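Worksheet: one structure, shown below.
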Amino acid sequence: MRLLGVGMCAAVLTLGLLAAPQAAAEQAPLHGAGWALKNTGKEVRFRGLAAVSRTTAWLAGSKGTVLRTVDGGRSWSDVSPAVAEGLELRDIEAFDSRRAVALSIGEGEASRVLRTEDGGATWTETFRNPDPRAFYDCLTFFDTRHGLAMSDPVDGKFRILATDDGGRNWRVLPTEGMPEALPGEAGFAASGQCLVSAGPKDVWLATGGGATARVLHSSDRGLNWTATESTVPAGDPARGVFALAFRDRTRGLAVGGDYRTGQPSPQAAARSADGGRTWSGSATPPPAYRSGAAWYPYAGSTALAVGPTGTDVTTDGGRTWRSLDPGSFDTVDCAPDAGCWASGEKGRVARLEPRG
């Protein structure tokens with residue numbers, strides 16, 4: 001979305017988690033742990049984050065910056081693509097410590113996709129948007145081959161870009177199966193989570209800026225979509241759903257609000273138990289705008305939400321949220337081994353670790 005120039009995130013864990021993640025998390029999810037800041041040596045804003053494991057993570061941010069760690073954040077390699085200098089990188093998806101795909105946002109040719117196979121030593125530009133009306137916000141991958149990227153509406157419909165070779169080549173999908181966009185409706189490039197997937201074919205798209213904040217769902221990798229209204233308030237270009245998180249093809253979370261500093265964000269979270277066909281508001285939502293969300297591995301009903309005013313946690317699938325940490329983050333991601341990372345403004349990056 002053209003209006004947005006910022007974003008946020010959150011998370012936590014269990015004392016015994018590092019040694020025995022699954023058993024500890026099932027007993028006391030997110031108890032006795034908190035964010036441990038990692039020094040990146042950068043001052044840029046990192047809205048793009050890919051958690052590969054507790055030791056490996058990728059960051060993508062402003063000024064074309066990409067960082068990678070393979071030692072749990074003790075050190076960071078600057079692997080910024082030379083071809084991305086000056087671009088706003090807002091999303092990155094990583095398959096492992098060597099392969100990653102990054103998205104830059106902006107009107108026309110500013111929206112690009114870059115790919116590396118050697119840990120960021122070299123990058124290849126695999127897509128440059130030729131349409132001045134398109135503005136790409138987010139990307140997601142179903143597996144190491146199949147992925148999608150989404151653009152704000154063009155000719156009244158959201159535009160979907162697809163790859164089936166790991167991001168080497170891209171094509172624009174037909175729009176016959178895409179519902180008409182609402183007046184003013186768009187996505188928010190705040191955390192790389194306005195387009196998310198779960199399983200081999202299901203994908204969801206979050207919107208704001210229109211009369212209502214909607215969630216669009218496709219069960220065939222972006223060919224056909226259905227739209228459902230969420231309970232997150234919209235009706236203004238600065239309000240709507242900023243991030244989605246789906247644990248599987250049925251259980252999902254939506255977070256958002258009003259990203260303007262000082263503006264209230266009531267009902268800033270919603271949950272779905274039927275793959276996004278219906279949404280229920282949280283009984284106790286986060287107290288302010290949140291731009292990022294992630295489910296915590298091993299604990300079936302536990303998830304994190306982050307934003308500029310803090311991190312919140314739910315242990316009941318999004319029905320209620322409580323404050324976890326007051327620090328500012330834009331996005332959050334958890335790897336399968338329970339390695340949770342968060343990143344945001346002024347080079348802030350943290351990993352979830354035991355306290356004390």
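Data for the structure
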| read-out | value |
| --- | --- |
| Conditions (1) without any contact (Cβ under 8 Å) to a residue 60 or more places away in the chain; (2) among the hydrophobic types (A, V, I, L, M, F, W, C); (3) in a loop (DSSP other than H, G, I, E, B); (4) in contact with a strand residue (DSSP E or B) (Cβ under 6 Å, 6 or more places away or on another chain); number of the one not met by Phe188 | (1) |
| Qualifying residue in region 203-224 (condition: surrounded by fewer than 18 Cβ atoms within 10 Å (Cβ to Cβ) and either β-branched (Val, Ile, Thr) or within 21 Å of Leu49 (Cα to Cα) (or both)) | no |
| Residue ID - nearest to the chain's Cα centre (by Cα), chosen from residues in region 335-348 that are surrounded by fewer than 24 Cβ atoms within 10 Å (Cβ to Cβ) and outside any loop (DSSP other than H, G, I, E, B) | Glu345 |
| Residue under evaluation Ala211, criteria (1) assigned to a loop (DSSP other than H, G, I, E, B); (2) under 29 Å from Arg98 (Cα atoms); (3) of a type outside the set (Ser, Thr, Tyr), criterion not met | (2) |
| Cβ pairs under 7 Å, 6+ apart, first in region 318-333 and assigned to a strand (DSSP E or B) and modelled with pLDDT of 95 or more, second surrounded by fewer than 19 Cβ atoms within 10 Å (Cβ to Cβ) and not basic (Lys, Arg) | Thr320/Ala283; Thr320/Thr284 |
| Output for region 266-298, where each listed residue is surrounded by fewer than 24 Cβ atoms within 10 Å (Cβ to Cβ), in contact (Cβ under 8 Å) with a residue 60 or more places away in the chain and at positive phi | Gly275, Tyr298 |
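The values are calculated or read from the model by the stated rules, or taken from the named source; none is laboratory data. As the structure is a prediction and not an experimental result, all values here were calculated from the model. So basically every Cβ, Gly included, is an ideal-geometry build from the backbone, and we count neighbours across all protein chains shown.
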